[in-house]
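Below is one structure, written out as structure tokens; the observations come after it.
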Amino acid sequence: MVLVGADRSFSIARLASDLTPLGIEVIEDPAIADDPHAAEFGDTELLSNGFAPDSARVGAHGEMTVAAVFSSMYSVVAYRLNFAAGSWSAPARTLRHNEIRSVLADAQRLWFAGHEDGPIRG
């Protein structure tokens with residue numbers, strides 16, 4: 001599941017079948033400061049968009065998890081990561097600059113609203 005904190009932080013959680021947490025990780029993305037328009041917005045950390053009622057989504061492809069956040073810069077940033085041995089892997093990211101309503105992923109590619117966005121960098 002994805003969690004958006006009161007401070008607009010973005011986290012990913014893995015739950016057991018009885019809904020107890022197995023692992024929760026705040027997604028920190030220092031590359032956000034290098035994204036286009038980050039300097040204009042003054043963003044140096046990943047924050048969800050405070051105006052969007054549903055600013056984060058999650059999906060799965062086998063054991064791979066894909067989590068996407070509608071950021072404070074009005075872009076969509078998607079992360080691919082895995083959960084193993086009680087912890088999350090380092091997320092691989094991809095960035096899209098316009099508002100997207102649907103994200104689909106397989107092990108190698110992401111599609112935003114039906115448009116392939118290319119390979120996931122990791």
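Bear in mind these aren't lab numbers, they're just calculated from the coordinates by the rules spelled out. In this text the structure is predicted, and so the values were computed from the model without any measurement. Note that we place each Cβ from the backbone using ideal geometry, even for glycine, and neighbour counts take in every protein chain shown.
Remarks
- When each of 83, 10, 70 is scored by the number of other beta-carbon atoms lying within 10 Å, the sequence from fewest to most is 83, 70, 10.
- Among 79, 74, a tally of other beta-carbon atoms within 10 Å of each Cβ gives an order, fewest to most, of 74, 79.
- By the count of other C-beta atoms within 10 Å, a proxy for reagent exposure, 66, 26 are ordered fewest to most as 26, 66.
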